[in-house]
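Here the structure is laid out as structure tokens; the discussion comes afterwards.
Read-outs throughout are calculated quantities, based only on the coordinates presented, and are distinct from any laboratory measurement. Note that the coordinates shown come from a computational prediction; the quantities given were computed from them, not determined experimentally. Cβ coordinates were reconstructed from backbone atoms using ideal geometry, including for glycine residues, and neighbour counts include every protein chain displayed.
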Amino acid sequence: MHIADLLSTRAYLTPDREALVYLHTGERFTYRQLNARANRLANFLRERLGVQKGDRVSILAHNSPIYIDVFYGLAKIGAIFAPLNWRLTARELAYIVNDCEPKVLICGPEFTDILAELRPQVKVAHIIAAEGVQIEGALSYEDELARASDAEPERPPLDGDDPHCILYTSGTTGKPKGAVIPQRQTLWNCINTAACWGLSDRDVAPVFTPLFHAGAWGAFLMNLFYTGGRIVLARVFDPEASLRTIIEERCTVILGVPTLFQIWYNSPYFAQADFGHVRFFINGGASCPIPLMEAWRAAKGVVFRQGYGLTEVGPNCFAMTDEDSAPKTGSVGKPVFHSRMRLADPETGQDVPIGQTGELLISGPCVCLGYWRNPQATAEAIRDGWFHTGDMARMDADGFFYIAGRYKDMIKSGGENVYAVEVEAIFREHPAVADAALVGQPDEKWGEVGLLIVALKPGQAATEQDLLAFCQGKLAKFKIPKRVVLVDVLPYSPYGKVEKAKLRKQFVG
């Protein structure tokens, strides 16, 4: 079975079951309807525009059912889904478009100005205008879909290593890299998650995060379509509306990121929200502060888990039972069923003992093919079948893994390694601190010293001296930042990771 079969098989098994709620319009779609749309998209692209196996198709739009059409429809004809991050500038998008060279680009109404700026910089054979927007020389998505046949398209020969998606990384250390996601990776993400997270046809999950990211697809959407559950799709994120949606649609499994969980916790609606129907909340994207997880449990009695994943190996790499979620707070759990993991010394390549920190290496059918047109980056990341995540982790005696941060997110001060995640965790314990980010700044004596950028909670006050005094006795002297800068807010990626490249540019240069 390939991804090409997943939606059509689900539509055969449970054709009239509700599969998708689109909050923006209130539309509700059955599996039969979603599969018919995907078939129409596939037939239109192949018959009208000549899209063949291996061709790329991009989309620049807010969340909508069109993403579902493209994700599953392209798989049926062996074409490749290459979504574009609409948060990027035209210049940044031009690099990605010129790298993956899509034959077709679908544009939503909010991004026509960006497209106009982008078009002189790229070469795309066909532009498709979605949701009624008028774009010069573009076909209408809705008109073409209505004309196309809803019959299952003829499948080209497919195997597990045929590319299904190209998903671009954030490019925090340079130009974005396109992770090539094969059909088998998407399929095994469904199998692993269903088997290890206990998902069923009774589960309902909201999707509030952008569908140009792997987490929006891989955490729950493709997995609940696999098990026959229901997805509630938001066009964009709204703090108050999203919390009400969880209650009104009786969602059972909810993915969030640290900033999202903090926003919900601070929401006026939080106090009255009844989460009795929720099986578990799971945090992804970046590590969730333990005090925030404990605050949710204390306030609402909910099951709260920490997740872990990467675009290149799938968003759901670990699993944890409800019973273990509180005693093992801070852990991401144990490896999912069909995967292998190692913790290795990055200098020697040897496995580290239990309790010691090493680089997390992952092997199995969930590993991507590498990076699009970037053999050097591929060779560096995948060695002897193991994907080198660049993340530090340790395993306890019970087999539970704990992520300790990025190896590259480290300062070398006076010959000592200072890991940002350790320092940031201490400062987050201060009652006035909302979040903190450590970066390095050059120093004549020590080579590099720590610069901590701190955002305070609304209505709270603290000085640089207060914060530095707070960490005395909690951190070794060489780990204590030499400078603290207070800001109103830190810059975040859509998945809750602090964008340290922006902080370095602003404060270090």
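Observations
- Helix-derived mean residue ellipticity, 222 nm - over the chain, DSSP H n ≥ 4, -39500 (n - 2.57), to 500: -9000 deg cm²/dmol
- Compared with the dominant principal axis of the Cα atoms in the chain, helix 3-13 is inclined by about 70°.
- The convex hull built on the alpha-carbon positions of region 307-407 has an orientation-averaged projected area of 6.5 nm².
- Across region 233-239, coupling constants 3J(HN,Hα) worked out from phi with the 6.51/-1.76/1.60 Karplus curve, θ = phi - 60°, read 9, 9, 5, 9, 7, 10, x Hz, and Gly and Pro carry x.
- Equivalent-ellipsoid semi-axes of region 126-248, from the Cα gyration tensor, Å, largest first: 26, 23, 20
- Over the chain: Rg over Rh, Cα atoms, Kirkwood Rh: 0.96
- Per the Debye calculation on region 22-170 with a single equal scatterer at every Cα and no solvent contribution, log₁₀ I(q)/I(0) for q = 0.09, 0.15 Å⁻¹ amounts to -0.26, -0.74.
- Separation in nanometres of the label points that stand 7 Å from Cα toward Cβ, at Tyr265 and Ala151: 5.6
- Potential lengthening between Gln134 and Gln441 on full extension [0.36 nm per residue; Cα-Cα distance subtracted]: 105.7 nm
- Cα centre as origin, Lys/Arg/Asp/Glu Cβ charges: region 410-507 dipole, Debye: 160
- The slack between Arg28 and Thr89, meaning 0.36 nm per residue of separation minus the straight C-alpha distance, is 18.7 nm.
- Degrees, to the nearest 10: 90-100 long Cα axis against longest axis of the chain: 60
- Packing-based exposure ordering (other Cβ within 10 Å, fewest first) of Thr389, Thr245: Thr245, Thr389
- Rounded to the nearest 10 degrees, the angle from helix 65-77 to the longest Cα principal axis of the chain is 70 degrees.
- For region 1-106, the fraction of alpha-carbon pairs lying more than 24 Å apart is 29 percent, rounded to a whole number.
- Karplus (6.51, -1.76, 1.60) ³J(HN,Hα), θ = phi - 60°, over region 335-352, in Hz, Gly and Pro reported as x: x, 5, 3, 9, 7, 10, 9, 9, 10, 10, 5, x, 8, 9, x, 7, 5, 8
- Stokes-Einstein D in µm²/s, Kirkwood radius over Cα pairs - region 272-342 at 20 °C with 1.002 mPa s viscosity: 165
- Packing rank of 271-281, 28-38, 307-317, where each peptide gets the mean count of other beta carbons within 10 Å, highest leading: 307-317, 28-38, 271-281
- Gyration tensor over alpha-carbon atoms, region 82-173, equivalent ellipsoid semi-axes in Å: 24, 21, 11
- Distances between every pair of Cα atoms in region 420-509, grouped in 5 Å steps from 0 to the bin holding the largest one, split as 3, 13, 27, 25, 20, 9, 2, 0 percent.
- Estimated FRET transfer efficiency when R0 is 22 angstrom, pair Ala195-Asp398 (beta carbons, to 0.05): 0.60
- Using the Karplus relation 6.51 cos²θ - 1.76 cosθ + 1.60 with θ = phi - 60°, the per-residue 3J(HN,Hα) values for region 252-263 come to 10, 9, 10, 9, x, 10, x, 5, 5, 5, 5, 4 Hz, with x marking Gly and Pro.
- Taking every Cα-Cα distance in region 34-91 and sorting them into 10 Å bins from zero, the calculated P(r) comes out as 25, 51, 21, 3 percent.
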